[in-house]
Amino acid sequence: MMTTATLFRPAERTKNYNYAIRNIVAAAKAVEAEGRSVTYLNIGDPVLYGLQPPASLMEAMARAVREGHNGYAPSVGTVAAREAIVRDAEARGVYLSPDDVVVSSGASEAADMLLSALLEPGDDVLTPCPTYPLYTAITAKLGARENYYRLDPAQGWTPDPDDIRAKITPRTRAIVIINPNNPCGSVYDARLLMELLTIAEEHQLVVIADEVYCRLTYGPPPPPMAQLAAGMDVPVVTLESLSKSHLVPGWRVGWMTYTNTQRFGDVIAATRKIAEARICSPLPTQQVLPTALADQQHLPGLIEAMKLRATITVELLNAIPGVNCVAPQAAFYVMGQVEDLKGQTDEAFVLALLRATGVLFVHGSGFGLNPHDGYFRIVFLPPPDTLREVYAKLANFIRQR
């Protein structure tokens, strides 16, 4: 007997679920399938470019496995891991208890759990533009809306508080503040952060402080938002991770902390429910937290290496006629701009560059920018000589267009 197979439709929520940083890889794989090499400058994975974690972390990880830390862990994280996070926070002027900490599978999972506990369909979240596309993907999945506020390149890719005030609606529940910023590498100072906290306090918004890159600033780090919020009537959730600062993105060691817990109502309990539903926090990897947060001797050398790459990137990009960029102050990202797309979109430009040169950037519209403004993000993690070759190829491509 012949039967007609059922064709299943994907859920509606997936239609707007995009993650350009990884989606564009399909085009790069097609180029590789032709037998050509690709230089991937699309994803901030230090390990792809030869960087490895400190030996003390690798030994701590191996020791955790050898000592039998291979089972289920408490859903919010082990006491030892949460106490290590508390000690590290205190060293930066933030005072917590272990009950204010949830260990997660990277900061990405923390963001997902928090927004899932906070948002109803139709709510909106103030999100920077350009943004880290994780936040857009999560809000789309939840049937909520990203409510973009603009980062101004003329002001070093920082936000305008007046623009944020104008964007607040009756359905606005939270504001995401990424500092230091991915994808721009900008750093917001204490004055600006205080103004943003004041807006959140006035409008009763939850502040989601994404501080994943707080240890990778080229100058003095900005104060944690949780420190500035002490004594204010504003709830702050801080997201952090070992992924980039300690060169272990695949280990998925992240966490969130709550400040001014009295302002959260039942949101903390709801987040814990979600944490419990995913069974447990990752056990072997969180065993490294006491070692990682006590021993950060690798950071000065890592920061100097990134500063050198940033200097090369800024000098060579700005030397190409028709291309410009704002110097980053942290991390390993820069947002470049082609001033004349010649009628193309930014994605078409990036794909044409890939096919002509084997160099992969990510188009600015993948981070929420206008596709006709010509922006693209570069990850400048490769060695200096590789970067020089990349920018020479870019310059030649621009000349020949």
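As an exercise, identify the GluC sites (Glu not before Pro) in the stretch 299-401 lying in DSSP coil whose Cβ has no more than 11 other Cβ atoms within 10 Å.
Those satisfying the criteria are Glu339.
Let me cross-check His298: its accessible surface, 1.4 Å probe, with only protein heavy atoms counted, in Å² to the nearest 10?
So the heavy atoms of His298 present about 40 Å² to solvent.
Alpha carbons only, please: Rg and Dmax for the stretch 340-401, in angstrom.
Final numbers for Rg and Dmax: 11.6, 33 Å.
Grab the DSSP H runs of the chain that are 4 residues or longer, score each as -39,500 (n - 2.57), total them, divide by all residues and round the 222 nm result to the nearest 500 deg cm²/dmol.
Per the formula, -11500 deg cm²/dmol.
Within the stretch 348-363, find all residues whose amide N lies under 15 Å from a label point positioned 7 Å from the Cα of Lys342 along Cα-to-beta-carbon.
Flagged as within label range: 348-357.
Check cross-link reach from Lys342 to the lysines: straight Cα distance under 21 Å, and skip same-chain residues fewer than eight apart.
Partners within reach: Lys393.
For the stretch 94-172, state the average projected area of the convex hull of the C-alpha atoms over all orientations, rounded to one decimal in nm².
Convex hull of Cα atoms, orientation-averaged projection: 6.8 nm².
When the Debye formula is applied to the Cα atoms of the stretch 155-291, each taken as the same point scatterer, what base-10 log of I(q)/I(0) results at q = 0.11, 0.16, 0.18 Å⁻¹?
-0.45, -0.93, -1.13
Dipole magnitude of the stretch 191-258 about its Cα centre, charges +1 at Lys/Arg Cβ and -1 at Asp/Glu Cβ only, in debye to the nearest 20?
Using Cβ point charges on Lys, Arg, Asp and Glu, the stretch 191-258 gives about 400 debye.
Whenever you get a sec, compute what percent of the accessible area on the stretch 115-246 sits on carbon and sulfur atoms (1.4 Å probe).
Result for the stretch 115-246: 51 percent of the exposed heavy-atom area is carbon or sulfur.
Taking the Cα centre of the chain as the origin and placing charges on Cβ (Lys, Arg +1; Asp, Glu -1), which of Val253, Gly374, Ala209 is farthest toward the positive end of the dipole?
Gly374
Under a no-solvent Debye model with one identical scatterer per Cα of the stretch 1-160, what's log10 I(q)/I(0) at q = 0.18 Å⁻¹?
-1.32
In degrees, nearest 10, range 0 to 90: what is the angle between the Cα axis of helix 190-203 and the longest Cα principal axis of the chain?
Roughly 60 degrees between the two axes.
Distance between the C-alpha centers of the stretch 42-115 and the stretch 313-336? Whole Å please.
Taking the Cα centre of each part, the stretch 42-115 and the stretch 313-336 sit 32 Å apart.
How far, in degrees from 0 to 90, does helix 79-91 lean away from the longest principal axis of the Cα atoms of the chain, to the nearest 10?
Between the helix axis and the principal axis of the chain, the angle is about 70 degrees.
Can you give me the accessible area per residue for the chain, using a 1.4 Å probe, in Å²?
43 Å²
Give the label of the value calculated from the structure for semi-axes √(5λ) of the Cα gyration tensor in Å, choosing from (1) 38, 21, 19; (2) 34, 30, 25; (3) 33, 25, 24.
Matching the structure shown: (3).
Beyond 21 Å, what share of the Cα-Cα pairs of the stretch 267-358 remains, rounded to the nearest whole percent?
Value for the stretch 267-358: 62 percent of Cα pairs lie more than 21 Å apart.
Say the dipole of the chain comes from +1 at the beta carbon of Lys and Arg and -1 at that of Asp and Glu; which of Leu351, Asn182, Leu242 then lies farthest toward its positive end?
Towards the positive end, the residue furthest out is Leu351.
Sorted by mean Cβ packing within 10 Å, highest first, what order do the peptides 52-59, 73-80, 136-143, 109-116 take?
109-116, 136-143, 73-80, 52-59
The values are calculated or read from the model by the stated rules, or taken from the named source; none is laboratory data. If you're wondering where the values come from, they're calculated on a predicted model, not measured in any experiment. As a convention, Cβ positions derive from the backbone with ideal geometry for all residues, glycine included, and neighbour counts pool all protein chains shown. To get the accessible areas, we keep the full protein, side chains included, count just its heavy atoms, and leave off ligands, DNA and RNA. Shrake-Rupley method; radii C 1.70, N 1.55, O 1.52, S 1.80 Å.
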